[in-house]
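Before any comments, here is the structure.
The values are calculated or read from the model by the stated rules, or taken from the named source; none is laboratory data. Computed from a predicted structure; not experimentally measured. Because the Cβ atoms are built from the backbone with ideal geometry, glycine has one as well, and the counts that use them run over all protein chains shown. Just the protein is used for accessible areas: all its heavy atoms, side chains included, with ligands, DNA and RNA removed. Shrake-Rupley method; radii C 1.70, N 1.55, O 1.52, S 1.80 Å.
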Amino acid sequence: MQAAWLLGALVVPQLLGFSHGARGAEREWEGGWGGAQEEEREREALMLKHLQEALGLPARRGDQNPEGNSEGRGAWATEENGQGEEGEEEPTSTPHVSPSPSPTPEDAITYILGRLAGLDAGLHQVHVRLHTLDTRVAELTRGLRQLREVAGDTRDAVQALQEAQSRAEREHGRLEGCLKGARLGHKCFLLSRDFEAQAAAQARCVARGGSLAQPADSRQMETLTRYLRAALAPYNWPVWLGVHDRRAEGLYLFENGQRVSFFAWHRAPSPEPGPRPSAAPHPLSPNQPNGGVLENCVAQASDDGSWWDHDCDRRLYYVCEFPY
């Protein structure tokens, strides 16, 4: 009995020491393997961080503190080991909470591909809108071209209407001149009781299809004189004719550019016979033309039909002639 007790006293401590050494070796092996895993996770987290910085992507919450995660995992492993050792002594159960899994490279690649897909979809929408805008611009350009064509046609139509109106006014003036005025051969004379300068009177006669009167011979002059005397009697009104020397002093031309060959200038009355005849010209009716370069247009008196030179800007009645 004593021998058995001595044998047990010698063997049991050896067995306890062996088991404790085996458990320590097992713990050292697990610590080495766990350290390698931690280093691998840290390396992957660092690579993921560099990739996100290169692509300009925001850092994920799980990647903000990879070292903290490793420390947390190490503390969690130490706590589990401590609980395991205590569990051998006290078999009481404690609640187990699993830590959140760390992101893997596959998750980072999936996230990057998703972002690229979103960018691709956005670019596609931009291209669709650009195509719509191009189509709209083409339609507006085509509509503008059509409007320009219509405006050009309208402008041509308006111009044609204006030309037709001018022809109608000229034809109406010619008919009115020959119906209301005095006709002689291939000419018709019509008096206008509007006060105008010589150039303005010529323009108004042209707009009505004629010109200022251009009596070319004595017969036409007599006809025009009778017509003006009957129209303006008993008064004496000067009336513009189409005769002037604006181009050169003393060179009288008609409005159509032909040189005047027949003149009916006013002459002062002859002095009354008596012992002392006056040689001075009459102050109210001097011989014409007497205005020089200051009076370059010719007007006809309505009482006797004589010609007087006047300032071209003076406003007088005028007489137009129209072809018959």
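Quick notes on this structure:
- Residues located in segment 213-222, provided they are outside any loop (DSSP other than H, G, I, E, B) and either open to solvent by 50 Å² or more (accessible area, probe 1.4 Å) or modelled with pLDDT of 95 or more (or both): S218, R219, E222
- Of all residues in segment 103-118, those that are under 16 Å from A45 (Cβ atoms) and open to solvent by less than 50 Å² (accessible area, probe 1.4 Å) have Cβ atoms under 9 Å from Cβ atoms of residues that are of a type in the set (K, R) and not in a helix (DSSP H, G or I), 6 or more apart or on another chain, in P103/R60; A108/R60.
A quick yes/no check of all residues on (1) within 50 Å of the chain's Cα centre (by Cα); (2) touching a residue at least 40 places away in the same chain (Cβ under 8 Å); (3) open to solvent by less than 100 Å² (accessible area, probe 1.4 Å):
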{"site": "R142", "(1), (2), (3)": "yes, no, no"}
{"site": "V150", "(1), (2), (3)": "yes, no, yes"}
{"site": "T154", "(1), (2), (3)": "yes, no, yes"}
{"site": "Q159", "(1), (2), (3)": "yes, no, yes"}
{"site": "E163", "(1), (2), (3)": "yes, no, yes"}
{"site": "G173", "(1), (2), (3)": "yes, yes, yes"}
{"site": "G177", "(1), (2), (3)": "no, yes, yes"}
{"site": "R183", "(1), (2), (3)": "no, yes, no"}
{"site": "C188", "(1), (2), (3)": "no, yes, yes"}
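- Of the criteria (1) over 25 Å from R259 (Cβ atoms); (2) of a type outside the set (G, A, S); (3) in contact with a helix residue (DSSP H, G or I) (Cβ under 6 Å, 6 or more places away or on another chain), which one W240 fails: (1)
- If you go through segment 223-271 and keep only what is among the hydroxyl-bearing types (S, T, Y), at pLDDT below 90 and open to solvent by less than 50 Å² (accessible area, probe 1.4 Å), you end up with nothing.
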